[in-house]
Amino acid sequence: MLFTEVIRKKRDGQTLTKKEIQFFVDGLTNPDVPAEQISAFAMAVFLNSMTFTETGFLTSAMANSGQMLDWGELNLPGPVIDKHSTGGVGDKVSMLLAPIAAACGCYVPMISGQGLGHTGGTLDKMSAIPSYQTFPDLSLFKKVVKQVGCAIIGQTSDLAPADRRFYAIRDVTSTVESIPLITASILSKKIAAGNEALIMDVKWGNGAFMQTLSNARDLATSIMGTAAKAGVNTRVVITDMNEVLGSTAGNALEIRESIDYLANNTRETRLDEVVVALLSEMLLATGISDDLHNAHNKIEQAITSGEAYEKFSQMLVALGVAADFMEQPDKYLPKANIIVPVLAEQNGWLSKMDTRAMGNVIVELGGGRKQTNQQLDLSVGFSEVMPLGSELQTGQTIALIHAKSPEDAERATQSVQNACLIAGEKPVLHATVVERLTS
Ligand code: URA
C-alpha cells in the first residue's frame with residue numbers, strides 16, 4: 001500500500017477501509033513517514049471529514065498503537081474514571097476535578113496533553129510546578145493513583161503514541177478543528193488508559209474548537225457513539241467557552257488560581273459551575289451518588305473539608321514537589337517580569353470577548369507553542385480577567401497582563417483591547433453549563 005494513495009483517496013472525499021486507516025496509523029509511529037504526509041492526511045480529513053465507521057477504526061487503531069493500561073490488577077476499591085475537555089482558554093478544571101473526585105472515592109488516572117492551537121493544556125500547566133514529574137514511569141503512576149486517588153501525567157511514549165505524534169502535527173498545521181480527529185485523539189488516549197468511564201467537557205463558543213452549539217452537539221454525539229462502541233461509559237456536558245474560564249489564563253497563573261479554589265478561598269462562579277457539573281456527572285456515572293443533590297453535597301464537603309486540597313498536595317509530593325509548595329506557591333511558581341493592567345477606555349459593560357484571540361495573545365507572549373518543540377514561558381498570561389457582564393468605568397482594569405518584556409506587554413495590551421468589547425448596554429450572557437448528555 002502507498003501512503004500517497006491513502007492521502008489521495010481522502011483528498012478526493014472517499015471512504016477509507018479499516019486496512020487503509022491501520023496503514024496510516026502505523027505510519028504515525030514510523031519515523032520514516034515524514035510529517036508532510038501526515039499533515040496532508042490531516043488536512044484531507046479536516047476538509048472531507050470521516051464517516052462514523054472510519055472514526056471508530058481510527059480511534060481503535062490509535063488506542064492500540066501502544067500499551068493498554070489495565071487497572072484491574074490493582075483491585076482498587078473505587079471506580080476508575082477520567083474527565084477530558086475539548087479545550088479552551090483558562091480551562092483549569094482538570095486540576096480541580098481530579099483531586100475533588102479522588103476525595104469523593106474515585107480513582108482518576110488522568111492522561112493530559114499539551115496546549116493545542118490557541119487553547120491551553122493541563123500538561124503545560126502542571127509543568128509550571130517546579131520538580132513535578134509529568135512523565136513518571138508506569139509503576140510510579142499506578143502507585144500514586146492507588147495511594148492518593150489521582151495522578152495527572154503526560155502521555156507517555158508508550159500510551160497511544162500514534163496520537164502523540166498526530167496531535168503535535170495537527171497543532172501546527174491548523175487541522176485541529178475536525179470532529180473525527182478530535183474524537184479519535186481524545187478517545188484513543190482514554191481507551192488506552194483503561195478507563196471504565198469518561199466524562200467529557202465539550203466546549204462551544206469563540207474560544208473553543210467547536211464555534212457553534214450545533215457543532216458541539218455533533219462532536220458530543222461522535223464522542224458518545226464512538227466511546228459506546230469501545231465499551232467506555234461516557235457522559236458529555238456542553239459548556240460555554242465564549243470568555244476566559246475563571247479569572248486567569250496562562251500556565252503558572254492557572255495553577256495559582258487552582259490552589260486558591262482548592263483552599264476554598266476564591267471559587268470564580270463560572271469555573272465553579274463547570275467543575276460542579278462535571279463532577280456531578282462523574283459521581284452519577286460511577287454510582288457514587290444516586291442523585292444530583294447528593295452529588296452536590298459530596299463535592300461541597302470534599303472542598304470545604306480541605307480533603308480535595310490535601311489530595312492535590314499529596315499527588316504533588318508523591319510526584320516530586322516540595323512539601324510546602326501548596327502553602328507557599330508564590331515562592332515556587334515562575335513569575336513574569338512585567339505585570340501591566342489593560343484599562344477600560346470607556347464606561348459600559350464588558351459585552352463580548354474574542355476568546356480565541358485571548359488564547360493567541362498567550363501564544364504570542366510565549367505561553368503556547370508556535371512550533372512543535374518550542375520551550376514555553378510558563379509565567380506569562382492574564383490574571384484578574386473580568387467576566388462578561390461586568391460594568392466598567394473608564395480606567396478600570398479589564399485584566400492584568402503578565403509578560404517577559406515591556407514590548408510584549410504593550411503588544412498584548414493592544415490585542416486585549418481589540419478582543420474585549422465594551423458596550424453601552426448590558427449583554428445577555430450565555431449559560432455556563434448548556435446541556436448534559438448521557439448515552
Ligand atoms: N484534546 C485532545 O486530546 N485532542 C484533540 O484533538 C482536541 C482536544
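A few notes on this one:
- Between the amide H of D91 and those of G120, L245, distances stay under 5 Å, these residues lying 5 or more places away or on another chain, with hydrogens modeled in the peptide plane.
- In this Cβ point-charge picture (+1 for Lys and Arg, -1 for Asp and Glu), the chain has a dipole of about 880 debye about its Cα centre.
- Top of K190, K19, K203 by mean-square fluctuation, Gaussian network on the chain, Cα under 10 Å: K19
- Along each principal axis, taking the top coordinate minus the bottom one, the Cα set of region 335-423 gives 42, 23, 17 Å in descending order.
- Sites S214 and A35, calculated FRET efficiency, Cβ-Cβ separation with R0 30 Å, nearest 0.05: 0.40
- Fully extending the segment from D158 to Q396, taken as 0.36 nm per residue of separation minus the present Cα-Cα distance, adds 80.7 nm.
- Distance between the C-alpha centres of region 207-247 and region 92-129: 17 Å, rounded to the whole angstrom.
- Ignoring lysines fewer than eight residues from K370 along the same chain, the ones with Cα atoms less than 20 angstrom from its Cα are K125, K404.
- Between the alpha-carbon centres of region 361-439 and region 261-324 there is a gap of 26 Å.
- In the elastic network of the chain, a GNM with C-alpha springs shorter than 10 Å, the most mobile of E36, E273, E254 is E36.
- From phi via Karplus (6.51, -1.76, 1.60), per-residue ³J(HN,Hα) for region 237-245 in Hz, x at Gly/Pro: 10, 8, 10, 7, 9, 9, 7, 4, 8
- Net charge, K10 excluded, C-beta distance under 12 Å - Lys, Arg +1, Asp, Glu -1: -1
- Furthest towards positive pole of dipole, N337, I259, T55, structure part the chain, Cβ charges: T55
- Mean separation of Cα contacts under 8 Å, 6 or more apart, over the residue count of region 320-436: relative contact order %: 39 percent
- Inter-probe distance in nm under a simple model that places probes 7 Å from Cα toward Cβ, at N64 and A230: 1.3 nm
- Gaussian network model of the chain, springs between alpha carbon atoms under 10 Å - residue of A302, A323, A103 with greatest fluctuation: A323
Rule-based calculations on the coordinates, nothing more; no lab input. Note that the structure is a prediction, hence the values are computed from the model and not measured. Positions of Cβ are generated from backbone atoms using ideal geometry, with glycine treated the same way; all protein chains shown enter the neighbour counts.
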